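Step one of this worksheet: look at the structure below.
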Amino acid sequence: MDNLFNRKYIIQGLFIVVGLILLGTLFYIQVASDKYFLSAESNVLRKLYTFPARGVILDRNDKVLVQNEPVYDLMVIPNQVKEFDTLSLINIIGIDMKRFKKSFNKATVQSRYQPSIFEKQLSVQVYASLSEQLSRFPGFFVQSRTVRYYPDSAAGHFFGYVKEVSKKDIEQSDGYYRPGDYIGKAGVEKQYNDVLRGEKGIINMLYDAHNVPKGSYAEGKFDTLARSGEKVVSSLDFRIQKLGEQLMKNKVGSIVAIEPATGEILAFVSSPGYDPNLMVGRQQGNNYMDLINQEKNPNRVFTVRPIQGYYSPGSSFKPLDALLGLQEGVIDPNTTFNCPGYYMAGNHKVKCEHVDGNIALRKGLARSCNTYALYVFQRLMQQKKFKNQRVAYDEWQQRVSKFGLGQKLGVDLPAERPGNLYTSDHYNKKYGNRWGYTTVISLGIGQGEMDATPLQMANIMAIIANRGYYVKPHLIKAIGENKVIKKEYARKNYVGVDARHFEPVIDGMQDAVNAPWGTARQSAIDNILMCGKTGTVQNPRGKNHSVFIGFAPRDNPKIAIAVIVENAGYGSTYAAPIASYIAEKYLKDSIAVNKRAGVEWMKKQVILPEPKKPKLKVKPILTDSLKKDSAQKTLSPVKILPAPAHVPITAPATVKTGISTVKPITPTK
Amino acid sequence: MTTQQGNRFFFNVDWITILLYVALCSIGFVNIYASIFNESVANEFSFAAKYGKQLIYIITALILGFSILLLDAKFFSVFSPIVYGLTMLLLVAVLVVGRKVAGNQAWIPLGSFRLQPSELAKFGTALLIARYVSTFNPKFRDVKSIFFAAVIVGIPLFLILLQPDMGSALVFLSFMFPLYREGLSGYFLLIFLGMIVLFIADFLVPAQILIPLILAIGGLFIYQNRRKHKVMISCIIVTVIAVAYLFLVKATYERLLEPHQRTRIEIMLGLKTDPKGAGYNVIQSKIAIGSGQLTGRGFLEGTQTKYGYVPEQSTDFIFSTIGEEWGFVGCFTVITLYLFLLLRIINLAERQRSTFSRVYGYCVASILFFHVFINIGMTIGIIPVIGIPLPFISYGGSSLWSFTVLLFIFLKLDSNRMGFI
Ligand SMILES: [Zn+2]
């Protein structure tokens, strides 16, 4: 034993310390962290997907509106690709070398080990010739999935379209979507995407380091089968939907028809429309660019006019005056006002189309008398029970908004717009406390700062048809085998007007269509009592818009309808007959022989705004001069002058003051 | 004495060591089986498969080991210069003959068997070091004895570096431990440690910070020892050498190392991540070991192992199979077995009467220690990938036999400890 013996312990100690360092590191990577365990899983696990068929969409008569057609995507797993005859492959699928390289690089960047789409949606012919020779191209395989086919080529705005998912969609899908998947991007396809898409099937496969499959993971315990999308039944009646689209051909506007009792939308026409099949398949991108091209399609094809178009309700608002007047008790059906051909709001004259003399409710509505409507509005505003007219206005605004104006109705489509109906705050901001009913008098005849969508107008007709309530309009009446529907689409929303007050109003609307002095006689239908009103909305950029709203039959109504034809002049010329053809077709299943020539004539009419003249940038539709004025004013507040101090508040604006009554109110029919 | 002579196999041989040896070989066999196992192929036992071959290697290794026990203990001391000389000749030969074998310069083909002279050089060198110390009893206080020892170790190290086989060359640094035990100053170990620290620092810290830092620390020591001239001078020398070393490392690294060796070092230091490239082995090995968690995925259940994600798994990366299928428990067991073996050999070495046996024992323990530390360290990513096998466990006849010979020579010497050599 020498004194160097102690060095034994230093060396042994070193061995132990190094051993402990190894064990410590091992403890960290094996026990303390599960990072490596998860990496091992992702090493060997590959998820293979099977794609479900998207849900079928039917119309209310169980007619199939959408089918699924198989398409074949050519897939590639880059690291399995071996040398092959590139030329014959690109010849079979019909692409050039440049595109081949681009696609291949893209797939390689995405993943060398996972399949990526090489060429989308091969035609059946290409698929047939390719599948015979596929074994010549190692690393390539064909994956089938389905795409939409819309056999009627109609109702594009209703369906919307299905498109490849964006990065954002993938991020928001909680891991469901992967690049190359498809998702509903507009219309019902978007709104009901969760129902329609079904559930992808997943097969968990184990792969070795050379990417050779080694069987299923955990005996397939975590595998799932693909589940097809749910069947969805639409409320549309495709007979009138197609008729409506034919009638609106070469015109700009909307048709909305609702079944009053249920709120089910029977027709949903937005013109110009587009063939939904254009938004399917390999040409989707090009077709889309064409459709939004201002030169080829100047009238904004993708605007869903029934829920996005803003129009002054105009005369179609007058029944609401009468209803609120009756409910508030400021008039009764026999209350008479005198119409000398105009109405004096303070010292400002609002013209009436006719000199109606003494006129009561029924005839007032049938003749669409401005004077009558404005007297009722004046009485509502001047009620003694309110502190001032601004409070009265708020009460009126509340009651009107119960009819669904100025708010989204909650239809089951994306991107509905609310329209405009302002509270007193808006006017207080604009005029201080220095305003009264004469300032907003044009609202009494549905003009001024009030915008409604065609859907809201049709819904008002449904309310009148129902004598006091509406069900939220909707396009899908049943989902899946169990015919589920959201509760909100079954609930009645009462508008706060007693049912008895509707009859006199409906009398007036019946006369408008059926009496010799009515303004909408063009919409009468043999043996059916149609009730309705025409409207004409002034358009500063061209001819006036033609409007008709109504419902039929008078008792137990089956259809409420709003038709707007832009730039078509008087409501009686275009909108009223179109509405009657739709209603007749719906109620009788065919249109009377003597009207068929009229239907054909209507289909052939071309009523398009003069090209290039409109310089619209943001808002697709501005309909009347008054609104345009107010819009301009809002944009340049400096120029807005409130009524000068010396002018009494009741004396409304003159032309120069720039308030909403700046222009003579257009007489409406 | 005669009884002992007659029964020396059963009484004098250290059966604990043999038990540990057999245990490690068995663990090796089981895990080689697992790393070769392929569930989609019919798995009848086959001697053509790697595990079958390994079984043959183990049996032949045992025969070889016990034959060594039958030899005369004096043989090793007497013939050590010859053995050393022969292995050096083989190392030279491999540089000539080996070049003619495609790609690999470390092997000499002998029929179907491939001889790896660097393995033999380890015990050749160990024998000669032991002989040198036992004959001249140097205390390594003088430059001459240090020089002699350095030459004995340096020749094979240099020849192996020419192959070039960094890993095997590195193992020759393990001879520092026996020399330290025999009197070499502890400063050499510290200098060695310092070289490693500086080496790593050279890559992690930019030179414009590192060199002033070293000069500052050196200056501080020089200033503190300004009155003790001898110490001050050595401080100056150390500082100068340290700076020179840094430049040398950089130059060596940039000029002499192969690109793949550079990437390996960079990956180990965390300067580069390249999962599909050079770091792939280590990452997959870490994933395999880490996924074993506490108790492992079970025999033949490791997906990393089964599906071939870890390259060279039956040879250099066999530890990843143990980690994956047997978990921390398995790793703990293996490392503990090694520690027992190493500590046991040191204890046996210390009970030797002959210096030759003691020094040789230290050599054996140190060589094994280097292999175990470097191999396991590389599979868990704390040491760069240096292709050296895990003793007794990694697949391969050549390495198993040479480790067996290395160990059993010592067992023979130990069984004969009462005699004089
Ligand atoms: Zn009138």
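The values are calculated or read from the model by the stated rules, or taken from the named source; none is laboratory data. Computed from a predicted model, the values in this text were never measured in an experiment. Cβ coordinates were reconstructed from backbone atoms using ideal geometry, including for glycine residues, and neighbour counts include every protein chain displayed. Just so you know, the surface numbers come from the protein's heavy atoms only, side chains and all, with ligands and any DNA or RNA stripped out. Shrake-Rupley method; radii C 1.70, N 1.55, O 1.52, S 1.80 Å.
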Straight distance only, please: which aspartates and glutamates reach the Cα of B:Lys412 with their own Cα at less than 19 Å, same-chain residues fewer than 8 apart left out? B:Asp14, B:Asp72, B:Glu350
Quick one: pull the percent of accessible area on the range A:354-426 belonging to carbon and sulfur, 1.4 Å probe, ligands and nucleic acids left out. 44
For the range B:327-342 the residues that are at least 10 Å² less accessible with all protein chains than alone, 1.4 Å probe, are B:Phe328, B:Cys331, B:Phe332, B:Ile335, B:Leu339, B:Leu342
Could you work out what % of the accessible surface of chain B is carbon and sulfur, using a 1.4 angstrom probe and leaving DNA, RNA and ligands out of the count? 71
Can you run phi through the Karplus equation (6.51, -1.76, 1.60; θ = phi - 60°) for the range A:150-164 and list ³J(HN,Hα) in whole Hz, with x for Gly and Pro? 10, x, 8, 6, 10, 6, x, 5, 6, 6, x, 7, 10, 9, 4
How many Å² of accessible surface get buried when A and B come together, counting both sides, probe radius 1.4 Å, rounded to the nearest 100? 3900
222 nm [θ] for chain A, helices only, -39500 (n - 2.57) per DSSP H run of 4+, per residue, to 500? -9500 deg cm²/dmol
Run the accessible area of the range A:228-348 with a 1.4 Å probe and give the carbon-and-sulfur part as a rounded percent. 45
Ranking A:Met530, A:Met97 from most to least accessible area with a 1.4 Å probe gives A:Met97, A:Met530
Answer in debye to the nearest 20: the dipole magnitude of the range A:45-233 about its Cα centre, from +1 Lys/Arg and -1 Asp/Glu charges placed on Cβ, is 440
Computed Kirkwood radius, in angstrom, where 1/r is averaged over Cα pairs of the protein assembly as shown: 37.7
Picking from A:Ala209, A:Val162, A:Ser135, whose Cα lies most toward the positive end of the charge dipole for the range A:45-233 (charges on Cβ: Lys, Arg +1; Asp, Glu -1)? A:Ala209
Shielding by partners - mean other protein chain Cβ count within 10 Å, residues of B:376-386: 2
If I model a spin label as a point 7 Å beyond the Cα along the Cα-Cβ vector, how far apart are those points for A:Asn556 and B:Thr355 in nm? 12.4
Return the residues of the range A:34-59 for which accessible area with all protein chains present is lower than in the chain on its own by 30 Å² or more; set the probe to 1.4 Å and exclude ligands, DNA and RNA. A:Tyr36, A:Phe37, A:Ala40, A:Asn43, A:Val44
Around A:Asn277 (Cβ within 12 Å, Cβ-to-Cβ, excluding A:Asn277; K/R +1, D/E -1) the net charge comes to -2
Pairs to check: A:Lys249/A:Lys558; A:Lys408/A:Lys430; A:Lys106/A:Lys167; A:Lys190/A:Lys483; A:Lys318/A:Lys487. Give those whose C-alpha atoms are more than 21 Å from each other in this structure. A:Lys249/A:Lys558; A:Lys408/A:Lys430; A:Lys318/A:Lys487
Length gain on complete extension for the stretch B:Ile241 to B:Phe45, per 0.36 nm per residue less the alpha carbon to alpha carbon distance? 64.7 nm
List the DSSP H helices in chain B whose Cα atoms stretch 20 Å or more along the helix axis and whose mean Kyte-Doolittle hydropathy is at least 1.0. B:15-36, B:50-70, B:74-100, B:143-161, B:186-204, B:207-224, B:229-251, B:318-350, B:355-379, B:397-415
How big is the antiparallel share of DSSP beta bridges in chain A, given as a percent to the nearest 5? 95
In nm, to one decimal, how far is the A:Glu600 label point from the B:Asn137 one, both placed 7 Å along Cα→Cβ? 13.3
Of the DSSP H helices in chain A, the ones reaching 24 Å or more along their long axis in Cα terms and averaging at least 0.5 in Kyte-Doolittle hydropathy are A:7-27
Pick out, from A:Asn334, A:Phe377, A:Leu291, the residue whose Cα sits farthest towards the positive end of the charge dipole of chain A, with +1 on the Cβ of Lys and Arg and -1 on the Cβ of Asp and Glu. A:Phe377
Probe 1.4 Å, heavy atoms of protein chains only: per residue, the accessible area of the protein assembly as shown in Å² is 44
Within a Cβ distance under 15 Å of A:Pro70, other residues only, what is the Lys/Arg minus Asp/Glu net charge? +3
Can you tell me the Rg and Dmax of the range A:238-604, counting just the alpha carbons, in angstroms? 20.4, 67
Indicate the residues belonging to the range A:1-29 that lose 50 Å² or more of solvent-accessible heavy-atom surface (probe 1.4 Å) upon moving from the chain alone to the assembly of all protein chains, ignoring ligands and nucleic acids. A:Leu4, A:Arg7, A:Lys8, A:Ile11, A:Gln12, A:Phe15, A:Val18, A:Leu22, A:Leu23, A:Leu26, A:Ile29
Scan chain B and hand back the longest stretch that contains none of the chymotrypsin sites (Phe, Trp or Tyr not before Pro) lying in DSSP loops with at most 16 other Cβ atoms within 10 Å. B:48-298
Which whole number gives the average, over all residues in B:282-291, of C-beta atoms from other chains lying within 10 Å of the residue C-beta? 6
Note: B:176-183 gets an average of partner chain Cβ contacts (10 Å, Cβ to Cβ) equal to 3
